[in-house]
Structure formats: structure tokens, C-alpha cells
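The values are calculated or read from the model by the stated rules, or taken from the named source; none is laboratory data. Being a predicted model, the structure only gives us computed values, none of them experimental. When we count neighbours, we look across all protein chains shown, and the Cβ atoms used for this are built from the backbone with ideal geometry, even at glycine.
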Amino acid sequence: MSMPTDRTETDPDEIEREIIKVVGGLPKLEWVGWGDWTRRLNGELAELAKAHGFQRYAKHLEIDSNDHDHDQGGEWLYDMTWLHKDTGEIQLALESEWSADFDHDFTKLLSVKARHRAFIFCHTDVEGQFAQLIKQVCDFPQTQGGDRFLLIGVDKADHFAHEVIVASGPSYEELRKAQSPQ
């Protein structure tokens with residue numbers, strides 16, 4: 001069963017705005033290359049997670065061995081994961097992909113139950129890829145109302161665009177309530 005998405009201009013929430021600001025503030029890719037750009041992205045987003053009080057998991061983080069509340073180090077399921085330290089709820093699942101073949105990485109985000117899902121990618125046709133990714137959200141059978149996806153596309157000229165998709169339809173809680181015996 002396909003779930004329609006809210007395709008109107010959805011405003012980014014606070015976390016999404018902060019992620020967009022981080023990406024927009026990074027140096028041009030042509031100046032630093034993909035590897036360094038990704039390390040800088042991870043470092044900036046790790047600081048953002050810490051500012052919000054979340055545990056963070058990602059490659060290439062400078063780990064403070066005395067800060068067990070925030071620094072976990074290494075990837076955990078996704079390129080970057082933020083966890084609420086008390087509940088274990090995934091606050092952010094982020095994947096980034098710089099090759100044109102990124103269906104596998106995006107499918108991982110479709111499958112996760114997280115407050116925020118972010119996908120950062122490079123492509124010569126960013127708008128065309130937005131349409132393709134939105135179709136995948138709509139066609140994925142486990143998409144539920146309220147699922148949020150922040151898409152950030154970077155083209156070869158270092159221009160970037162973003163789009164926020166929020167799935168419409170019943171939420172997980174509404175579906176569960178409707179299926180439970182009265």
C-alpha cells in the first residue's frame with residue numbers, strides 16, 4: 001500500500017534548519033575533496049548533536065574519552081546516528097552518498113523508525129533526484145504518517161538545495177490503535 005506524502009513546501013523544523021545551516025557553511029567541495037568534506041560534516045553535526053544532549057555515532061569523530069554521555073564513536077547502523085541518551089530513541093539517522101548509485105543508502109533510511117531522517121547526496125540533477133527519492137518514500141509499504149525526510153542535494157558546482165518531506169496518512173500509533181481490539 002503506497003502512502004501519499006505531503007508534497008507542499010514543508011518548512012524544516014529546528015533540527016533540520018540546523019543541519020541545513022551546517023551543510024551550507026561547509027567549504028566548497030572543490031577546495032577540500034569528498035573525504036575531508038565528509039569529515040567536516042560529521043564533526044559539525046557531532047557538535048550539533050552534543051549541543052542537543054544526544055549521543056552520537058559516526059566515523060571520523062574526535063572522541064572525548066571523558067564524555068560518555070555524548071561520544072560513542074564509530075558508525076552505528078547509519079553514517080551518523082543521534083540517540084536520546086535516556087530513551088535510546090533514534091533522533092537522527094543520516095546517510096550521505098557521493099556516487100550516483102545511492103538506492104541502498106536511501107532504503108536504509110526508509111526502514112528506520114527515527115524522529116529525523118536526513119539524506120545528503122551529490123548529483124548533477126538534484127531536483128530530478130528529489131522527485132525519485134520522494135517516489136521511493138511514497139512507494140515504500142512501511143512509510144507512515146509523520147515520517148520526516150530531509151533531502152539535501154549538492155551538485156558538481158557546489159550549489160545545494162534541500163527539501164523536507166513529511167508523509168501524510170495515519171501514524172504508527174493511529175494504525176496500532178485502529179487494529180487493537182476495543
Do you know which of the residues in region 89-114 that are touching a residue at least 40 places away in the same chain (Cβ under 8 Å) and either over 16 Å from residue 56 (Cβ atoms) or assigned to a loop (DSSP other than H, G, I, E, B) (or both) is nearest to the chain's Cα centre (by Cα)?
109
Taking the options 86, 139, 105, name whichever one is acidic (Asp, Glu), out of contact with any Pro (no Cβ under 7 Å at 6 or more places or on another chain) and under 23 Å from residue 53 (Cβ atoms).
86
Restricting the search to region 39-71, which residues are in contact with a Phe, Trp or Tyr (Cβ under 8 Å, 6 or more places away or on another chain) and either over 24 Å from residue 117 (Cβ atoms) or modelled with pLDDT under 85 (or both)?
70
Name, by its number, the condition in (1) in a helix (DSSP H, G or I); (2) at pLDDT 90 or above that does not hold for residue 86.
(1)
Scan of region 157-171 for residues that are at pLDDT below 80 and among the charged types (D, E, K, R), ordered by number
158
